[in-house]
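A.B. asks: One structure follows; several queries about it will come next.
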């Protein structure tokens with residue numbers, strides 16, 4: 001397998017074309033890298049970063065980010081290492097992004113299958129993807145969706 005020793009690095013935009021490494025993950029599986037690359041937002045230590053782009057340099061995967069907003073870190077959620085959680089939330093800031101459902105998966109490829117889809121179905125309704133986020137502080141992925149109005 002070509003990427004069995006893959007490494008992930010987040011780089012923060014510092015100037016017009018200048019980036020500084022901020023987080024480095026030497027022991028990470030390819031599924032997690034790909035799921036993280038699908039996320040437009042990354043939260044760590046209370047800071048939300050917005051993904052600008054991504055690249056690959058041999059075995060090194062790079063996600064380029066800029067600071068989107070900073071808040072105090074939320075309480076961490078302890079999860080077992082064998083599962084990965086995904087919250088599906090309605091894209092509605094006025095209602096504080098209400099939770100539609102929470103799912104637990106056995107691997108990051110399953111997460112990628114959901115967050116990489118344009119449409120998902122919950123509560124007999126069709127939902128359209130807006131964006132996704134990996135929240136390291138809470139150890140969960142979050143998919144933000146809007147109702148299309150279609151009911152199954």
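A.B. asks: Can you pull out every residue in region 120-137 that is touching a helix residue (DSSP H, G or I) at 6+ places or on another chain (Cβ under 7 Å) and either closer than 16 Å to residue 36 by Cα or without any contact (Cβ under 8 Å) to a residue 24 or more places away in the chain (or both)? Walk me through it before giving the result.
C.D. replies: To start, the set of residues in region 120-137 that are touching a helix residue (DSSP H, G or I) at 6+ places or on another chain (Cβ under 7 Å) comprises 120, 132, 134.
Answer for region 120-137, where residues must be touching a helix residue (DSSP H, G or I) at 6+ places or on another chain (Cβ under 7 Å) and either closer than 16 Å to residue 36 by Cα or without any contact (Cβ under 8 Å) to a residue 24 or more places away in the chain (or both): 132, 134.
A.B. asks: Only strands (runs of 3 or more DSSP E) wholly contained in region 1-53 count here; list those with 3 or more residues that are modelled with pLDDT of 95 or more and closer than 18 Å to residue 138 by Cα. Even if it seems obvious, please write down each step before you answer.
C.D. replies: On the way: elements: 7-13, 19-25, 41-44.
The qualifying strands (runs of 3 or more DSSP E) are 41-44.
A.B. asks: If residue 94 meets every condition in (1) in a helix (DSSP H, G or I); (2) surrounded by 12 or more Cβ atoms within 10 Å (Cβ to Cβ); (3) over 16 Å from the mean Cα position of the chain (by Cα) apart from one, which number is that one?
C.D. replies: (2)
The values are calculated or read from the model by the stated rules, or taken from the named source; none is laboratory data. Predicted model only: the values in this text are computed from it and were never measured. With ideal geometry, Cβ positions are generated from the backbone for all residues, glycine too; neighbour counts draw on all protein chains shown.
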